[in-house]
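Scroll down for the structure; my scribbles are underneath it.
The values are calculated or read from the model by the stated rules, or taken from the named source; none is laboratory data. All values reported here derive from a predicted model rather than from experimental measurement. Heads up, the Cβs are rebuilt from the backbone with ideal geometry, glycines too, and the neighbour counts pull from every protein chain shown.
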Amino acid sequence: MQYQLTLDSESVQRLFTGDGQLGRLLEAVLNQVLNAQVTEQLQVAPYERSEQRQGYRNGYKPRQLTTRVGALTLQVPQVRDGQFSTELFARYQRSEQALVLTLMEMVVNGVSTRKVARITEELCGTSFAKSTVSDLCKALDPLVAAWNERDLSAQRYPFVLVDALVVKVREEGRVRAVSALVATGVNDAGYREVLGLRIGDSESERTWMEFFIWLKARGLSGVDLVVSDHHGGLVKAVQIQFQGATWQRCQTHLSANIADATPKALQEEVHARLRPIFEAPDEATARTLLATFVADYQQTAPGAVKALERGFEDATAVLALPAPYRKRLRTTNGVERLNEEIRRRERVIRIFPNRDSVVRLVGALLMEQDEVWTTSHRYFDMTAYWLWRERPSQQPLFSQEAPMLQLA
């Protein structure tokens, strides 16, 4: 949906002169969005006569929206039958509320710095008691929990991408590093989804096993390909929990590992030689290019050769798929962009007051991203994939008799 927005020159000038007008500018934009939405719903502009009219305006009602640039007062249009609705508040507020709640918890629990206390005051305009924090958590936590525990059994998920982010949490008077495990997937209709979030003590095989068991208990099925970086214990967990599937090692991460093992003078040259291997049209071509690479760099960059040989099978597993699906499934770049959004908020917090606050903030962000993915354009047209899978002469995509995983 596109809306035509206008801003007066004074607001724009104040924005660029640093006169603290960002909040006022955001108010102006969002109020215009609300007016555009009510016009769209009523199918008539203010004071316009039209046979298409679906109702009548009935003034405005002020409503506050708490954001990182301060508390905004928006004028929400009212209609006579009371039927005007907007998702602006529900979708915009969840992650903002989770961020504010985490900052509030840090202040209330006495573990924040003066800087965090000041940020909280600026965001919310007041200090908060524990009872206020509790009431706000009661409203947000059930929404995130219900989404994160939702049933997945209605669809199959041929492609699953997993990643882990390390965050810091204060527990028992100490700061501990914990892993936020995140799984995204592409369902049988070709839409991306965020499948779930769990907090673990490490990235061990046991942690990944428990994560996959939890996803399967919620109905995750039909997994053909799991894409990830080479996290510790992950490969073995995939092998046990998704028998018959294969693991695609992220080519971007493998390229970085190879670069680390390459003499600095040759890094740019070696990087250029890797791309044709990873983007080869078929396995035979990839192996031919690998052999040439080994012959050319065996003496000058033996570390790079060893790293590539060890990771080649896993990094080219995607070549078993039809060509249209390979580009987006050969790396975890899509997940990395999601992680960047999480990191942008997490950097504000630095140290979470507890694990629940991690789930609240990260879960709210993932929940919003999931809504965007499932209501936007399809990530893949899956027609060619299912036709390819159903061809009688086609070998199974990942045979259970063949070695599924190449352990580095």
Can you spot a residue in segment 294-306 that is touching a Lys or Arg at 6+ places or on another chain (Cβ under 9 Å) and under 30 Å from Ala180 (Cβ atoms)? no
Thr316 meets each of (1) in contact (Cβ under 8 Å) with a residue 40 or more places away in the chain; (2) crowded, with 18+ Cβ neighbours inside 10 Å with one exception, condition (1)
By residue number, the members of segment 210-254 that are acidic (Asp, Glu) and either in contact (Cβ under 8 Å) with a residue 60 or more places away in the chain or in contact with a strand residue (DSSP E or B) (Cβ under 6 Å, 6 or more places away or on another chain) (or both) are Asp224, Asp229
Next on the checklist: Could you go through segment 315-322 and let me know if any residue there is of a type in the set (S, T, N, Q) and part of a helix (DSSP H, G or I).
Outcome noted: no
When segment 169-204 is checked residue by residue, the ones that are touching an Asp or Glu at 6+ places or on another chain (Cβ under 9 Å) and not hydrophobic (A, V, I, L, M, F, W, C) are Arg176, Ser179, Thr184, Gly185, Asn187, Gly190, Arg192, Glu193, Gly196, Arg198, Gly200
The number of residues in segment 194-229 that are under 19 Å from the mean Cα position of the chain (by Cα) and either more than 24 Å from Ser357 (Cβ to Cβ) or assigned by TED's automatic domain parsing to the domain that holds Ser255 (or both) is 7
